């Protein structure tokens, strides 16, 4: 018979939380929005939604194909429509593309119907995560590192407007990242509460 340690921390389960608003994961490509968002949704027992996956499903095309065929402005318009629909349909964790939060319309919509959480990662962490992937249409340039740096410098001040922030350092496990995000969310009882 195994010995039970009474002082061991007990992990909270989905039944321990009440999510009052959709949490919208924002941040740069490579910050971990999808991986952390999926694990967070599982922890809280709520649906995981991904605006990029929804767009690809509706268009029956990949994001790079949409960018190539229809251009970024068309994609951004569809992205806003999808985010609006997902925010109004069900409460859960919503992962968005790196550029989604840049739109003032999207920020207003997210603020009104949900809460934004920025997964903040420094440039080198992001570069280490995205440099070997060919799925990022904005990085299909002669110097992708310089492009990523320019995007980072332009976007960070906008991401700083997010309701909440959790640090993504590139060394922390996904489960520990979820712990960080839950701790940040619990500072806003209008978003997440323990039962």
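Figure legend. Inter-residue proximity from segment 52-70: first residues under 24 Å from residue 141 (Cα atoms), second residues exposed (fewer than 15 other Cβ atoms within 10 Å of the Cβ), beta-carbon distance below 7 Å, spacing 6+ or different chains. Indicated pairs: 56/62; 64/135.
Taking segment 97-109 as the range and being assigned to a helix (DSSP H, G or I) and surrounded by 16 or more Cβ atoms within 10 Å (Cβ to Cβ) as the test, the residues that pass are 100, 101, 102, 106, 107, 109. Only one of the numbered conditions (1) surrounded by fewer than 19 Cβ atoms within 10 Å (Cβ to Cβ); (2) modelled with pLDDT of 90 or more; (3) within 24 Å of residue 164 (Cα to Cα) is not met by residue 78, and that is (3).
Residues in segment 27-46 that are in contact with a helix residue (DSSP H, G or I) (Cβ under 6 Å, 6 or more places away or on another chain) and either farther than 18 Å from residue 83 by Cα or not in a loop (DSSP other than H, G, I, E, B) (or both): 30, 35, 36, 39, 40, 43, 44, 45.
Kindly indicate which of 49, 86, 94 is part of a helix (DSSP H, G or I), crowded, with 17+ Cβ neighbours inside 10 Å, in contact with a strand residue (DSSP E or B) (Cβ under 6 Å, 6 or more places away or on another chain) and touching a residue at least 40 places away in the same chain (Cβ under 8 Å).
86
In the set (1) modelled with pLDDT of 95 or more; (2) closer than 24 Å to residue 152 by Cβ; (3) part of a helix (DSSP H, G or I), the condition left unmet by residue 117 is number (3). Across segment 142-195, the qualifying residues are those that are more than 21 Å from residue 107 (Cα to Cα) and in a strand (DSSP E or B), and the one among them that is farthest from the chain's Cα centre (by Cα) is 194. If you go through segment 107-115 one residue at a time, do you hit one that is under 16 Å from the mean Cα position of the chain (by Cα) and without any contact (Cβ under 8 Å) to a residue 40 or more places away in the chain? Taking every residue of segment 107-115 in turn, at least one turns out to be under 16 Å from the mean Cα position of the chain (by Cα) and without any contact (Cβ under 8 Å) to a residue 40 or more places away in the chain.
Considering (1) surrounded by 19 or more Cβ atoms within 10 Å (Cβ to Cβ); (2) in a helix (DSSP H, G or I); (3) touching a strand residue (DSSP E or B) at 6+ places or on another chain (Cβ under 8 Å), the lone condition that residue 24 does not fulfil carries the number (2). Residues that are over 17 Å from residue 122 (Cα atoms) and either out of contact with any helix residue (DSSP H, G or I) (no Cβ under 9 Å at 6 or more places or on another chain) or without any contact (Cβ under 8 Å) to a residue 12 or more places away in the chain (or both) within segment 163-191 comprise 176, 179, 183, 184, 186, 187, 188, 189, 190, listed in sequence order.
The values are calculated or read from the model by the stated rules, or taken from the named source; none is laboratory data. On a predicted model such as this, the values are computed, not experimentally measured, just so you know. As a convention, Cβ positions derive from the backbone with ideal geometry for all residues, glycine included, and neighbour counts pool all protein chains shown.
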